[in-house]
Amino acid sequence: MKLALFGASGATGHLVLEQALARGHTVTALVRTPSKLTTTHERLKVIQGDVTDPAAVEKTIAGQEAVISTIGSGSNTKHVTLYSDSIRNIIDAMEKQKVERLLCISAGGAYPGKDPGAPFILNYIVKPFFLKDVFADMARMEDAVKHSKLSAWTIVRPPRLVDKPPKGHYRQEETYCIKGGNKIARGDVAEFLVGELDARKYIRQGVAVAY
């Protein structure tokens, strides 16, 4: 499959890139700093640019069959608009280029209000005091996806991402937070994203993945 990937130089994105190439996909990745991308492959095309630039985004998506976004705000937790700004550019380009399949990473904390499946610390400490702006922008991102004209989107909501070896097994539920599922390895999220490209189990759904 011809795949456009955003966030390929990030902690989760580079694992998605490796998974996609290992499974035979052809990947076009948009990155701000190509030197940060250590992976090289005959089926990898790298475009230098920014996801906030509509022209660069459309250039990346043109001719593709699917899109994966692993865009993250990094250490910036205040006045965050990157998730919603980038997804609007991606959706606009996909609609213009007639690409329907989109997978994007959100988070369990993007739920409105308090989630009964979320741990106490997320509902009452992390979300209101530390990641309020991040989760609010993720919610705006999700709304943009849900109200788009795309026919085959999937929103993936992991809990805390850890830099540990993947286990190869995890729970999946059509919700925001899986009860008791407080973490998952980035490698398992990458495996799920690339696998769901073809599996198409969660079309027009949001799905939580966690141990």
Taking N as the number of residues in the range 2-210, the ratio of its alpha carbon radius of gyration to 2.2 N^0.38 Å works out to 0.95
Spin-label point model (7 Å from Cα, Cβ direction): what's the residue 129 to residue 58 distance in nm? 4.6 nm
Comparing 69, 148, 35, which has the greatest mean-square fluctuation in the GNM of the chain with Cα pairs linked when under 10 Å apart? 35
Contour minus Cα-Cα span, residue 169 to residue 77, at 0.36 nm per residue, comes to 30.1 nm
Defining a contact as two alpha carbons under 8 Å apart and six or more residues distant in sequence, what relative contact order in percent does the chain show? 21 percent
Exposure proxy order (Cβ contacts within 10 Å, fewest to most) of 27, 162, 16: 162, 27, 16
Listing 25, 41 by rising number of other beta-carbon atoms within 10 angstrom, fewest first, gives 41, 25
Treat the count of other C-beta atoms within 10 Å as a stand-in for reagent exposure and order 125, 90, 105 from fewest to most. 125, 105, 90
Considering only the chain, what is the antiparallel percent among its DSSP beta bridges, to the nearest 5? 10 percent
Amide proton proximity set for residue 47, modelled H, under 5 Å, gap of 5+: 29, 30, 31
To the nearest 20 debye, what is the magnitude of the charge dipole of the range 2-210 about its Cα centre, counting +1 on the Cβ of each Lys and Arg and -1 on the Cβ of each Asp and Glu? 300 debye
Alpha-carbon spread of the range 64-164, three principal axes, descending order, Å: 42, 30, 26
Calculated FRET efficiency, residue 42 and residue 201, Cβ-Cβ r, R0 30 Å, to nearest 0.05? 0.50
For the range 161-181 and the range 46-110, what is the centre-to-centre distance using only Cα atoms, to the nearest Å? 23 Å
How big is the range 81-139 on each of its three principal axes, counting only the C-alpha atoms and giving the largest first in Å? 43, 21, 14
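No value in this document is a laboratory result; all are computed from the given coordinates. All of these numbers come straight from a predicted model, not from anything done at the bench. Note that we place each Cβ from the backbone using ideal geometry, even for glycine, and neighbour counts take in every protein chain shown.
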